[in-house]
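A.B. asks: I am attaching a structure below and will ask some questions about it afterwards.
The values are calculated or read from the model by the stated rules, or taken from the named source; none is laboratory data. Treat the numbers as computed from the prediction; the structure is a model and nothing was measured. Every residue, glycine as well, gets a Cβ built from its backbone with ideal geometry; the counts of neighbours run over all protein chains shown. Side chains are part of the model used for accessible areas, which takes the heavy atoms of the whole protein and leaves out ligands, DNA and RNA. Shrake-Rupley method; radii C 1.70, N 1.55, O 1.52, S 1.80 Å.
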Amino acid sequence: MTDLAIHAADRDISERLCEQVRTAYETRTPLRIVGGDTRAFYGRPVEGQPLCIAEHSGIVSYDPVELVVTVRAGTRLSALQKALAEHHQMLAFEPPSFGENSTIGGAVATGLSGPRRPWAGAARDFVLGTRVITQEGKLLRFGGEVMKNVAGYDLSRLMAGAQGTLGVLADISFKVLPIPTANHCLRLPMSLEDALNKLAELGRLPLPITAAAWHAGELYIRLEGGNSSVKATQERLGGEPLEASFWRSLANQTHGFFHLEDGKALWRLSLPPHTAPLALDIPEADIFYDWGGSQRWVKTTLDATTLRNACQAAGGHATCYTPQTQGGAAEPFTPLNSVVEKYHRNLKAELDVHGIFNPGRLYAAF
């Protein structure tokens, strides 16, 4: 444990949060869980009494030697990243930040990961344990040092991507990684077909690639690792230098591509590796290929059914990132099949019997 934990105790409001949840459970009052409120655009709107966790902040413990940090959910993402950077470490899943008030709890609740995700892992892969406020207003620990789960569920990982529908994240323990010694970003003029073939070829080789994207006739690649490995790969690939900030702009959706016009909606297509371009009537300039082509950002006026059918045929799914704006889909997430929906309903009923946690956030029925 470092000195970072000493000044965190005065920002522990878990007892107050537990009392609010306990009251909501007894009165069956819906709660809208709010941190920095920078990800409210993602998913369905929620109506309920605000449960504000932003004050529940601070680093509880941090062991740079063991590469483990425990942090309160209301802690600003930027503050955590700064503390880790002082020890030359990072959150390897590279969570996007949609504003200065973005919190680490929101990053885990939405389960979103940045450009490094195919090479390092998703957000849930780095969650070691959590403290969660349950429907009865109890503060329970899952994972981490206490390997205990309720009803057979790995609740720590279930919370990643659940968007607050299963409980309230209070504290989260992460596995962190060292920041790579060397870093080089480059871009290569290349057609989409050539870029996808190139990425498939490079993917079979032990190269230090940690991000790859394509847009408007250019292939973008990030190399990270040891000095000799990065230098050798840089010389092999060639290309023009690229500012490292490019990847932050892509993750945080501040890149110019994400500017919407003419009633278009922003969609995220998630597809298996090496999937060919989909047969959609969308200009090439309105598609940004990320994650080596597995994640595709699309600006379009096409209807949800057309997009989702095309993705489903390729083994993927489509999510609307602008469901609450003109041109967006009424249902931001791909409807579940009957079997998966049954499991979702059973899980929700087990952990939130009165439906007080972010009701309707993921799906209208639950």
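A.B. asks: Out of all the residues in region 112-128, which are open to solvent by less than 30 Å² (accessible area, probe 1.4 Å) and within 20 Å of Thr165 (Cβ to Cβ)?
C.D. replies: Across region 112-128, the qualifying residues are Leu112, Ser113, Ala122, Ala123, Val127.
A.B. asks: May I ask you to verify whether Cys18 is open to solvent by less than 20 Å² (accessible area, probe 1.4 Å) and assigned by TED's automatic domain parsing to the domain that holds Pro96?
C.D. replies: When the stated conditions are applied, Cys18 passes them.
A.B. asks: A follow-up question, please. Confirm whether Thr210 is modelled with pLDDT of 95 or more, of a type in the set (S, T, N, Q), within 21 Å of the chain's Cα centre (by Cα) and not assigned by TED's automatic domain parsing to the domain that holds Glu19.
C.D. replies: Spelling it out, Thr210 is indeed modelled with pLDDT of 95 or more, of a type in the set (S, T, N, Q), within 21 Å of the chain's Cα centre (by Cα) and not assigned by TED's automatic domain parsing to the domain that holds Glu19.
A.B. asks: Please go through region 228-241 and pick out each residue that is surrounded by 12 or more Cβ atoms within 10 Å (Cβ to Cβ) and more than 14 Å from Ile209 (Cα to Cα).
C.D. replies: Step one: filter region 228-241 for residues surrounded by 12 or more Cβ atoms within 10 Å (Cβ to Cβ), giving 229-234, 237, 239.
Scanning region 228-241 gives a single hit, Gly239.
A.B. asks: Something else now. Of the residues that make up region 192-204, is at least one in contact with a Lys or Arg (Cβ under 7 Å, 6 or more places away or on another chain) and touching a residue at least 24 places away in the same chain (Cβ under 8 Å)? Can you show your working first?
C.D. replies: Taking region 192-204 as the starting set, the residues that turn out to be in contact with a Lys or Arg (Cβ under 7 Å, 6 or more places away or on another chain) are none.
There is no residue in region 192-204 that is in contact with a Lys or Arg (Cβ under 7 Å, 6 or more places away or on another chain) and touching a residue at least 24 places away in the same chain (Cβ under 8 Å).
A.B. asks: Okay, moving on. Could you check how many residues of region 285-323 are without any contact (Cβ under 8 Å) to a residue 12 or more places away in the chain and hydrophobic (A, V, I, L, M, F, W, C)?
C.D. replies: Of the residues in that region, 1 qualify.
A.B. asks: Still on this structure, please answer the following. Do you know which residues across region 102-111 are crowded, with 24+ Cβ neighbours inside 10 Å and either in contact with a Lys or Arg (Cβ under 7 Å, 6 or more places away or on another chain) or in a loop (DSSP other than H, G, I, E, B) (or both)?
C.D. replies: Hits for region 102-111 are Thr103, Gly106.
A.B. asks: Restricting to region 87-101, what's the tally of residues that are crowded, with 21+ Cβ neighbours inside 10 Å and under 12 Å from Phe174 (Cα atoms)?
C.D. replies: Number of matching residues: 3.
A.B. asks: Considering every residue within region 1-8, establish whether at least one is modelled with pLDDT of 90 or more and of a type outside the set (Gly, Ala, Ser).
C.D. replies: The answer is no, given that none of the residues of region 1-8 is modelled with pLDDT of 90 or more and of a type outside the set (Gly, Ala, Ser).
A.B. asks: Let me ask another. If I go through region 257-272 residue by residue, how many of them are out of contact with any helix residue (DSSP H, G or I) (no Cβ under 7 Å at 6 or more places or on another chain) and more than 16 Å from Pro332 (Cβ to Cβ)?
C.D. replies: Going through region 257-272 one residue at a time, the tally reaches 7.
A.B. asks: Find the residue count for region 294-325, including only residues that are touching a Lys or Arg at 6+ places or on another chain (Cβ under 8 Å), surrounded by fewer than 19 Cβ atoms within 10 Å (Cβ to Cβ) and not in a strand (DSSP E or B).
C.D. replies: Number satisfying all stated conditions: 1.
A.B. asks: Out of (1) within 23 Å of Leu250 (Cβ to Cβ); (2) modelled with pLDDT of 95 or more, the odd one out for Gly161 is which?
C.D. replies: Only one criterion in (1) within 23 Å of Leu250 (Cβ to Cβ); (2) modelled with pLDDT of 95 or more is unmet by Gly161, namely (2).
A.B. asks: Based on this model, can you work out whether Pro335 counts as at pLDDT 95 or above and open to solvent by 30 Å² or more (accessible area, probe 1.4 Å)?
C.D. replies: It is false that Pro335 is at pLDDT 95 or above and open to solvent by 30 Å² or more (accessible area, probe 1.4 Å).
A.B. asks: A follow-up question, please. Any residue in region 255-283 that's more than 21 Å from Ala211 (Cβ to Cβ): show its pairings with residues that are open to solvent by 60 Å² or more (accessible area, probe 1.4 Å) and of a type outside the set (A, V, I, L, M, F, W, C) at Cβ separation under 7 Å, as long as the two are six or more apart or on different chains.
C.D. replies: Final answer for the pair search is Gly263/Thr301; Gly263/Gln326; Lys264/Thr301.
A.B. asks: Let me ask something else. Examine region 209-227 for a residue that is open to solvent by 60 Å² or more (accessible area, probe 1.4 Å) and outside any helix (DSSP H, G or I), and state whether such a residue exists.
C.D. replies: yes
A.B. asks: If you don't mind, there's one more thing I want to ask. I'm checking my understanding of the structure. Among residues of region 65-81 that are among the charged types (D, E, K, R) and under 27 Å from Leu17 (Cα atoms), which one is most open to solvent (accessible area, probe 1.4 Å)?
C.D. replies: In this case the residue turns out to be Arg76.
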